[in-house]
Amino acid sequence: MNDILIYEVGARDGLQNEAVPMDTQQKIKLINMLSDTGLKKVESAAFVSPKWVPAMADSREVMDSIFRKKGVNYPVLTMNMRGLEGAISVEADTVCIGTAPSEMFCKKNTNCTIEKSLERAENIAKIAIEAGMKVRGYVSCVIYCPYEKDIDPILVAKMCAKLKKMGCYEVSLGDTLGIGTPTKTKKMFSSCVDAVGVDNLAVHFHDTYGQALANILACLDLGVKVIDTSVGGLGGCPYAPGARGNVATEDVLFMLNGMGLETGVDIDKICIASEFAFKQFGRKPLSRVFQALEAKKEKKS
């Protein structure tokens, strides 16, 4: 059994913020590549309004076309009942629901109040569980909100408890702006551990200020077992000005491998997938590991 589970979000959270959406066939190819790296969780689509998130407009075709490898889960994001209908129609194994402890961010991100977002999430969770799907919860802006500034860790912990009560098997804690530091992160994560237990938590840290690895390490000290990452560092958030991509999968793998922690994920295959993904946008992967390996190759040649 692996020590740490890497939950890959590049094909959904990573791609949703690109100005020009990735070609559908290339997206399908990317997900299939990720499925072949040893990853067990590859979040692959979002059934949301194409008006607001055009990069996810092809979610149905993507889910109908990817090769669903045995032993790999392909979660999809659903923010309302219409989204859940889409998830059910493609026989998704897991649906993801979300909210935030900031009223203003909640209104920007889900177009409703915190109370309404929780009500929606509860309705989605109930029907999804009845339909035989697993439900994962997301809490955004767990450290800082671009509109309401610092977030009280107790508010985040209370949200985790509510999502767990709805039936979420796991709650992913998102530092959406990547502004957290280890001390603040540890305080927030400790509050959530007290509320729901460490086995029900995952971390989802963006790397805007280069703090993601340090923040992950702080949570590893507290026993976290699930880490959200994005291949090559793809990503951002359309409703969080200044947010950069989620921490790069290969950077996290390099750190974990160096710590002697097992993930079952092949870092070389991840780097190949990173290069493929960024090539579609005419860019190089943001990850330090990819850049270091590339420089090493160039030096040898």
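Please treat every number below as a calculation from the coordinates, not as lab data. No experiment lies behind these values; they were computed from the predicted model shown. FYI the Cβ positions are ideal-geometry reconstructions off the backbone, even for glycines, and counts take in every protein chain you see.
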Checked against the structure, the computed semi-axes √(5λ) of the Cα gyration tensor in Å among (1) 32, 23, 17; (2) 42, 28, 15; (3) 27, 23, 18 is the one labelled (3)
With an 8 Å Cα cut-off and a minimum separation of 6 or more residues, compute the relative contact order for region 49-103 in percent. 31 percent
Most exposed to least, judged by fewest other Cβ atoms within 10 Å, 20, 247 sort to 20, 247
Under the 7 Å Cα-to-Cβ spin-label approximation, residue 275 and residue 129 lie apart by a distance in nanometres of 4.6 nm
So who's got an amide H within less than 5 Å of the one on residue 77, skipping anything under 5 residues away but keeping other chains? H placed 1.01 Å off N, in plane. 45, 46, 47, 96
Looking at the chain, send over the antiparallel percent of its DSSP beta bridges, to the nearest 5. 10 percent
When the dipole is taken about the Cα centre of region 1-75, and only Lys, Arg (+1) and Asp, Glu (-1) are charged at their Cβ, what size is it in debye, to the nearest 20? 220 debye
If you filter region 246-301 for chymotrypsin sites (Phe, Trp or Tyr not before Pro), then keep DSSP loop positions with at most 16 other Cβ within 10 Å, what is left? 281
Can you give the net charge of the other residues whose Cβ lies under 13 Å from the Cβ of residue 71, counting K and R as +1 and D and E as -1? +3
In percent, what relative contact order does the chain have, based on Cα pairs under 8 Å that are 6 or more apart in sequence? 19 percent
For a 30 Å ceiling on Cα separation, which of these pairs sit above it: 40/279; 126/269; 134/186; 41/108; 187/269? 126/269; 187/269
For region 160-301: relative contact order, % (alpha-carbon pairs under 8 angstrom, 6 or more apart): 20 percent
Helix-only estimate, please: 222 nm mean residue ellipticity of the chain, summing -39500 (n - 2.57) across DSSP H runs of length 4 or more and dividing by its residues, to the nearest 500. -13000 deg cm²/dmol
Would you please name the chymotrypsin sites (Phe, Trp or Tyr not before Pro) within region 1-67 that are DSSP coil residues with at most 13 other C-beta atoms within 10 Å of their C-beta? 52, 67
Explain nothing, just the number: dipole magnitude of the chain about its Cα centre with +1 on each Lys and Arg Cβ and -1 on each Asp and Glu Cβ, in debye rounded to the nearest 20. 240 debye
